[in-house]
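The values are calculated or read from the model by the stated rules, or taken from the named source; none is laboratory data. As the structure is a computational prediction, the values presented were derived from the model and not from experiment. Every residue, glycine as well, gets a Cβ built from its backbone with ideal geometry; the counts of neighbours run over all protein chains shown.
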Amino acid sequence: MKISIIPKHDYVYFAVVCWIVDFHLCFGEVFTAICKLRELPVKEQALIATFDRFLKDQKENYAIKELKEFVEKMREENKKVLYDSHYVENPINSFQLLYRIVHIWGEKLSQYLHYPTYNNKSLPYFMNSVFNNTQQMSSWPKQFDLRGASMALVRLRYIYNLDIEDIRHGRLPTSQTHGLTGIDLLTIGQTATEFDNQAEAIRWLTESIAVLSKDPQNNELVVRAYRSLADMFVKFNAPHLALDMMKTALHIDPNNSGVKRDMAIYNDVMTDYVKHLRPFLTILEINNLKRDAPIFTPNYAELCRGEIKTPEELSQLSCRFRKTQIPFIFAKEEEVNSDPAILVFHDVISDSEIVQLQKIAHASMRRSTVVERDRSLQETDVRISNNAWIYDSESVADKLSRRIEIITGLSALNRNYDTHAEPYQVVNYGLGGMYDPHFDSLAKDGQPKSEDEAYRNSGERTATWMFYLSDVLSGGATVFPKLKARVQVKKGSATFWFNTHRNGLPDMRTLHAGCPILEGDKWVANKWLRSIGQTFRRPCALNPKL
């Protein structure tokens, strides 16, 4: 990372602090891992301390007085967060923290950069150095992070069917925190429009108008919300509602040229609808529309909300002590689904082992990727998390692999070539972190890809073993939509299932997903067992179709 050399010791100090914190943080987007969000209050504190040192030696004038008041206000906000280790586990808190750092700090820096007319030559120079250093840091929150945080709240609202008014007042199913402001709601609503999520955009923008309209000083923001809302109505085949929005906006600001231009456009659209007898959607019909996206796999949202198997179906499942490869040692096994078997093993990893895995993983966390059809690894919004790979050369990983072998009877040997299993993928989920419905199988469209060298040498991902390294206060379950099966996160437990039939072909019933985290900090460690090591441990059945 580049650090500009600045004569003043305060500037250099800030640059060094930024570099040290940045080095120890996971790289990439901040909102994609709670481990990154936890570091933000410390970084903000370092920023405030840098301003304190600068302001201490400055002569008092209007600009310096104003800046001191701003820094003091930020210090009070920072104190609320700094010593609360669970603060960022609440998505509303995390959004507001990111908003403060990205927008409020950013606007203050820009103010002094663009209007350096305070007869103080060192002030704009100082602001410029701070601005440059923060923007160069890969782990300093950017506008992208705020957009990600906004969409996390949108996602949590529609998947968990939350009341938007409850969210506005800071009420979640498991906690109460500070509510969202009208500007917060407007930011979230406009972000939803950028992501083409019209139904949700309408909900959030409508709520923002209800809050902002209470203060005439917010008229400019209210007009902006009305214009965004009108654009959404047009996309939903409701130009008559868009025109209503524009009339209201014009009443608030009669001289707004943008509103007048929009009104002329929507009048033309309305004329076209009438001319061709195109039907209009009502506001009720719009509110009942669901987002058309892969995430709405049948049963997915219902399972995330805890609507699972019927009592009759659950009565067919059992818990038992499972015999292992070592006589007189048994594993606590819970059956979540019988065919195919989805199993949960309890108390299979200790707290000290979890700490070791997290400590090793933290130094090399990166944004999680998914395997696309062309075998490339891509960052995508279907997976909001960070991960690190831990090999069995680490003693704790080797010990855990031996434990998996003892319990399952399969080979978990990890080596450089013809490996029987992949290294551990340790994952920390982010704000509203989730993983859309997917298969762990490496085959695409149900067919093996023999051109892939790793696939040729080690074979298919026969089975998945997933350690849970933390508890989650709400949300975050692992669900199997086709099986109506659900596994709630429980620290110290592990989920296990086979991804393939005995004939080696993918079992398409094992479609699964990680539900969004409503509140908490979710850590897991995945271990994928390859088919080459299971040749004599899980042989083919006599029936070739099995």
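Within 19 Å of the chain's Cα centre (by Cα) and either surrounded by fewer than 22 Cβ atoms within 10 Å (Cβ to Cβ) or touching a residue at least 60 places away in the same chain (Cβ under 8 Å) (or both), is that true of residue 187?
When the stated conditions are applied, residue 187 passes them.
Would you please name the residue that is nearest to the chain's Cα centre (by Cα), looking only at residues in segment 358-395 that are of a type outside the set (Gly, Ala, Ser), surrounded by 20 or more Cβ atoms within 10 Å (Cβ to Cβ) and at pLDDT 85 or above?
386
Keeping to segment 145-170, report how many residues are more than 12 Å from the chain's Cα centre (by Cα), farther than 27 Å from residue 297 by Cβ and outside any loop (DSSP other than H, G, I, E, B).
Adding up the residues that qualify gives 2.
Those residues that are crowded, with 22+ Cβ neighbours inside 10 Å and among the acidic types (Asp, Glu), I need them from segment 220-272; list them, please.
262
For segment 295-320, enumerate the residues that are at pLDDT 90 or above and surrounded by 10 or more Cβ atoms within 10 Å (Cβ to Cβ).
Result: 299, 300, 301, 302, 303, 304, 305, 306, 316, 317, 319, 320.
Pairs only if they're at least six apart or on different chains, beta carbon under 6 angstrom, first in segment 500-518 and under 24 Å from residue 301 (Cα atoms), second charged (D, E, K, R) and in a loop (DSSP other than H, G, I, E, B); list them, first residue then second.
509/482; 511/482
Could you tell me which of the residues 248, 271 is out of contact with any helix residue (DSSP H, G or I) (no Cβ under 8 Å at 6 or more places or on another chain), in a helix (DSSP H, G or I) and not charged (D, E, K, R)?
Sole residue among the options that is out of contact with any helix residue (DSSP H, G or I) (no Cβ under 8 Å at 6 or more places or on another chain), in a helix (DSSP H, G or I) and not charged (D, E, K, R): 271.
Please find, within segment 28-50, the residue that is surrounded by the fewest Cβ atoms within 10 Å (Cβ to Cβ) out of those that are among the polar types (S, T, N, Q) and in a helix (DSSP H, G or I).
Restricting to residues being among the polar types (S, T, N, Q) and in a helix (DSSP H, G or I), the top hit is 45.
Here is a check on your reading of the model: is residue 175 under 19 Å from residue 31 (Cα atoms) and either in contact with a Phe, Trp or Tyr (Cβ under 9 Å, 6 or more places away or on another chain) or surrounded by fewer than 19 Cβ atoms within 10 Å (Cβ to Cβ) (or both)?
No.
Just need a number here: residues in segment 200-241 that are in a loop (DSSP other than H, G, I, E, B) and polar (S, T, N, Q).
Residues in segment 200-241 being in a loop (DSSP other than H, G, I, E, B) and polar (S, T, N, Q): 2 in total.
Yes or no: residue 492 modelled with pLDDT under 95, surrounded by fewer than 22 Cβ atoms within 10 Å (Cβ to Cβ) and in the same structural domain as residue 365 (by TED's automatic domain parsing)?
no
Taking segment 51-70 as the search range and keeping residues that are crowded, with 19+ Cβ neighbours inside 10 Å and among the aliphatic types (A, V, I, L, M), which one is farthest from residue 140 (Cα to Cα)?
Restricting to residues being crowded, with 19+ Cβ neighbours inside 10 Å and among the aliphatic types (A, V, I, L, M), the top hit is 63.
Considering only segment 287-294, I want to know if a residue exists there that is at pLDDT below 85 and surrounded by 14 or more Cβ atoms within 10 Å (Cβ to Cβ).
Scanning segment 287-294, I find at least one residue that is at pLDDT below 85 and surrounded by 14 or more Cβ atoms within 10 Å (Cβ to Cβ), so the answer is yes.
Residue by residue, here is whether (1) out of contact with any Ser or Thr (no Cβ under 8 Å at 6 or more places or on another chain); (2) more than 14 Å from residue 353 (Cα to Cα); (3) without any contact (Cβ under 8 Å) to a residue 60 or more places away in the chain holds:
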position: 386; (1), (2), (3): no, yes, no
position: 399; (1), (2), (3): yes, no, yes
position: 405; (1), (2), (3): no, yes, no
position: 408; (1), (2), (3): yes, yes, no
position: 414; (1), (2), (3): no, yes, yes
position: 417; (1), (2), (3): yes, yes, yes
position: 427; (1), (2), (3): no, yes, no
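Any idea how many residues of segment 344-357 are under 19 Å from residue 318 (Cα atoms) and crowded, with 19+ Cβ neighbours inside 10 Å?
Of the residues in that region, 3 qualify.
For residue 464, work out the one condition from (1) touching a strand residue (DSSP E or B) at 6+ places or on another chain (Cβ under 8 Å); (2) of a type in the set (S, T, N, Q); (3) not in a strand (DSSP E or B) it doesn't fulfil.
Of everything listed in (1) touching a strand residue (DSSP E or B) at 6+ places or on another chain (Cβ under 8 Å); (2) of a type in the set (S, T, N, Q); (3) not in a strand (DSSP E or B), residue 464 misses just condition (3).
Taking the residues in segment 321-340 that are assigned to a strand (DSSP E or B) and touching a helix residue (DSSP H, G or I) at 6+ places or on another chain (Cβ under 8 Å) as candidates, determine which candidate is surrounded by the fewest Cβ atoms within 10 Å (Cβ to Cβ).
322
If you check 89, 77, which single one turns out to be at pLDDT 90 or above and within 19 Å of residue 153 (Cβ to Cβ)?
89
From (1) touching a strand residue (DSSP E or B) at 6+ places or on another chain (Cβ under 8 Å); (2) at pLDDT below 80; (3) of a type outside the set (D, E, K, R), pick out the condition that doesn't hold for residue 113.
(1)
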